[in-house]
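Structure first, commentary second.
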Amino acid sequence: MRNTFSFLAVLAAVAALGSGCANMENKLGRGMRNSYEIVRMGEMRRSMEQTSLFEGAGVGRTTGFVRGLNRTLARTGIGVYEIATAPFPPYGPVAKNYLKPNPVY
């Protein structure tokens, strides 16, 4: 009987945090997309490509790689942060000045 009450208390807390927050779903989805960046490596490819186009192929393989790694880790960290804070406001994107809210394709 005691286990049932603790389960119901946890279920009620989750329902209270999740109900009525339409933007919470957007924040959680954005966080999941951003945290998957470390597997997808879209920022890495784009940074290396853009650096190669504007600064040369040799620079793209070195500086572009480091820049892409930095942006990939930053986007992954922001994604983990947004997943952890999804139930709590504010629901807008984080670090908009450094990275676009959604991953690059």
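The values are calculated or read from the model by the stated rules, or taken from the named source; none is laboratory data. This structure is a prediction, so every number in the text was calculated from the model and none was measured. Here Cβ is always computed from backbone atoms with ideal geometry, including for glycine, and neighbour counts include all displayed protein chains.
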Positions within segment 56-67 being of a type outside the set (V, I, T) and under 21 Å from K100 (Cβ atoms), in sequence order: G60, G64, F65, R67
Looking for something in contact with a Gly (Cβ under 7 Å, 6 or more places away or on another chain), assigned to a helix (DSSP H, G or I) and on the phi < 0 side of the Ramachandran plot - is there at least one such residue anywhere in segment 59-77? no
Are any residues in segment 48-61 at pLDDT 95 or above and small (G, A, S), and if so, which ones? S52
